[in-house]
Ligand SMILES: Nc1ncnc2c1ncn2[C@@H]1O[C@H](COP(=O)(O)OP(=O)(O)OP(=O)(O)O)[C@@H](O)[C@H]1O
Ligand SMILES: [Mg+2]
């Protein structure tokens with residue numbers, strides 16, 4: 001037994017989940033065979049994850065496909081019973097799914113929807129109002145606020161099936177947060193949205209977090225979501241937490257180097273630049289190369305001295321590149 | 001409690017307005033209802049049609065009509081209230097939308113059982129009630145018989161609901177149980193004729209193995225005052241036991257739920 005930090009909003013210790021999967025060969029005969037003699041196998045989706053979140057904290061939860069992010073969020077929200085370990089959310093044990101607990105949390109899944117398909121979103125909101133017993137004044141205030149931040153006016157009275165993906169996602173978020181939960185589990189809330197729509201979803205989450213001091217765990221494959229919202233990042237890979245810290249440290253940890261961008265006054269060959277760093281790319285008068293983190297200043301000084309440089313900038317590599325480095329192309333294989 | 005009543009009202013409103021979106025389905029539903037009565041009345045016609053047949057298995061024509069009325073009414077109750085909800089359980093488990101039901105601070109069994117209505121089949125309810133009223137007007141019905149029939153019929157509806165829920169709940173384990181409801185329809189269809197019209201082994205099966213008799217024949221007997229006290233007691237008791245058992249089964253299924261992968 002570990003002692004529970006008294007003010008933790010989310011407390012996770014050595015959390016585990018294994019699924020029993022039944023394998024079946026394709027086709028009818030395969031089904032019949034599987035029915036008679038079941039082939040089953042254990043898959044360990046989450047293997048000993050531990051972390052604590054303070055109230056009001058926003059964390060990004062990253063990892064390649066199949067790493068165990070959704071599984072973890074489902075255990076935190078009480079949908080799945082853990083195979084082992086300890087979970088506390090807002091002081092409750094999620095798997096018991098007490099009503100008091102469910103009123104304090106929400107789970108948004110970008111891939112699934114709760115809105116009633118054939119009716120305007122407003123009808124679903126009214127149903128949720130009744131389920132969560134939201135008093136009328138609070139309901140009106142929340143709706144007013146959400147309508148403003150998310151830009152919902154004009155789409156609330158259209159049947160959900162006639163909404164665009166982005167409009168629907170905004171309504172989904174509103175429906176999921178109508179009861180003003182304290183702890184938000186957001187599983188790919190921006191999936192499939194265009195850049196503008198992603199931005200307004202982010203703005204909404206940020207606004208909600210600031211207004212209500214809610215704790216947020218956010219998974220996404222769009223790094224912009226995570227860098228815009230979260231200071232702290234958790235990275236999970238094959239069911240285990242491989243990183244817990246801030247974004248800058250993640251970039252550092254990934255090793256790699258910094259990206260140096262050059263604007264030149266006279267053309268240079270890639271071969272000439274190879275002496276200063278790796279991954280050289282030349283495009284007319286602009287060039288890009290990667291240099292080891294520790295040698296950024298000395299290499300930059302040499303570049304400036306040796307070449308006719310108009311402009312030089314040093315950047316952290318994009319987070320996508322960091323993730324690719326951390327997981328070394330596993331993403332493609334693991335699907 | 002008031003919250004649950006309020007929710008019933010909201011669910012009903014929502015499901016009604018959703019169905020108004022698809023008005024074209026209405027005609028089909030009316031035809032289906034008429035088809036059902038046609039088949040049931042044809043059955044009775046065949047049984048009583050031969051010259052000189054006044055009773056079948058001790059049942060008079062109007063008594064048999066009464067049973068048919070209860071059958072139609074039950075058909076209606078199933079297609080309006082029960083089937084629309086139960087048939088969506090397997091689907092919700094398969095697509096993972098059951099997640100949302102389980103995440104609500106609301107009894108999940110209530111949630112899955114009351115969310116939908118198929119108003120299009122409300123005609124079956126009317127036809128059933130009409131047949132019962134017509135048949136009863138040709139029989140002697142006491143006030144006690146009427147009250148007894150109401151209680152027994154309610155018990156029967158509870159039993160039907162429990163059987164459907166139990167079958168649908170297996171979806172948590174065997175996600176594809178669409179044919180579980182077909183199985184049920186096959187079994188239930190037999191109750192459209194009075195149980196005693198069947199040979200003894202089949203009658204025993206129907207009476208004891210599947211409590212279909214309780215669903216249609218017993219309320220009809222109560223209405224006409226031909227019911228034995230033992231049977232009168234059995235139905236509510238079976239209903240209560242079935243409700244408790246299905247509830248436990250449901251809770252066990254929910255506990256073992258692992259929602260569809262992301
Ligand atoms: N219901 C289930 N039954 C069996 N195995 C499952 C189930 N759900 C998930 N898994 C397996 O558990 C592992 C983790 O899956 P999970 O959905 O948690 O990954 P994820 O990190 O959310 O991935 P993604 O980024 O693709 O959403 C995968 O190997 C997956 O195949
Ligand atoms: Mg996922």
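In the range A:153-294, the DSSP beta bridges split such that about 75 percent are antiparallel, to the nearest 5. Among A:43, A:59, A:235, the largest mean-square fluctuation in a Gaussian network model of chain A (Cα springs under 10 Å) belongs to A:43.
Helix A:27-36 against the longest principal axis of chain A: what's the angle in degrees, Cα atoms only, rounded to the nearest 10? The answer is roughly 60 degrees. Using equal-weight Cα scatterers in the Debye expression, the normalised intensity of chain A in log10 at q = 0.08, 0.09, 0.13 Å⁻¹ is -0.51, -0.63, -1.04.
Please determine, in degrees from 0 to 90 and to the nearest 10, the orientation of helix A:165-177 with respect to the longest principal axis defined by the Cα atoms of chain A, where the helix direction is its Cα long axis. It is inclined by approximately 60 degrees. If you run the Gaussian network model on chain A, springs between alpha carbon atoms under 10 Å, then out of A:95, A:253, A:206 the most flexible one is A:253. One quarter of the convex hull surface built on the alpha carbon atoms of the range B:1-120 amounts to 10.5 nm², the projected area averaged over directions. Across the range A:227-335 the C-alpha pair distances fall into 10 Å bins from zero in the proportions 13, 39, 27, 17, 4, 0 percent. Per-residue Cβ neighbour counts within 10 Å put A:16, A:299, A:41 in the sequence A:41, A:16, A:299, beginning with the fewest. Computed on the range A:257-316, with alpha-carbon pairs under 8 angstrom and 6+ residues apart, the relative contact order is 50 percent. Once both axes come from the Cα atoms, what is the angle between helix A:195-212 and the longest principal axis of chain A, in degrees from 0 to 90, rounded to 10? In chain A, helix A:195-212 runs at an angle near 60 degrees to the longest axis. The relative contact order of the range A:166-320, computed from alpha carbon pairs under 8 Å that lie at least 6 residues apart in sequence, is 18 percent.
GNM remark for chain A: springs join alpha carbons under 10 Å apart, and the peak mean-square fluctuation among A:163, A:173, A:115 falls on A:163. Considering only beta bridges that DSSP places wholly inside the protein assembly as shown, some 70 percent are antiparallel. When DSSP beta bridges are restricted to pairs lying wholly in chain A, around 70% turn out antiparallel.
Dividing the helix sum by the residues of the protein assembly as shown, where each DSSP H run of 4 or more adds -39500 (n - 2.57), gives a mean residue ellipticity at 222 nm of -16000 deg cm²/dmol. As a ratio to 2.2 N^0.38 Å, the alpha-carbon radius of gyration computed for the protein assembly as shown takes the value 1.28. The alpha carbon centroids of the range A:172-239 and the range B:1-19 are separated by 31 Å. When you restrict to C-alpha pairs under 8 Å that are six or more residues apart and normalise by the size of chain A, the relative contact order lands at 19 percent. Note on A:86, A:278: ascending count of other Cβ atoms within 10 Å places them as A:278, A:86, the fewest first.
None of the figures in this text is laboratory data; all of them are computed from the coordinates on show. In this text, all values refer to a predicted model and were calculated from it rather than measured experimentally. Methodologically, a virtual Cβ is constructed for each residue, glycine included, from the backbone with ideal geometry; neighbour enumeration extends over all protein chains shown.
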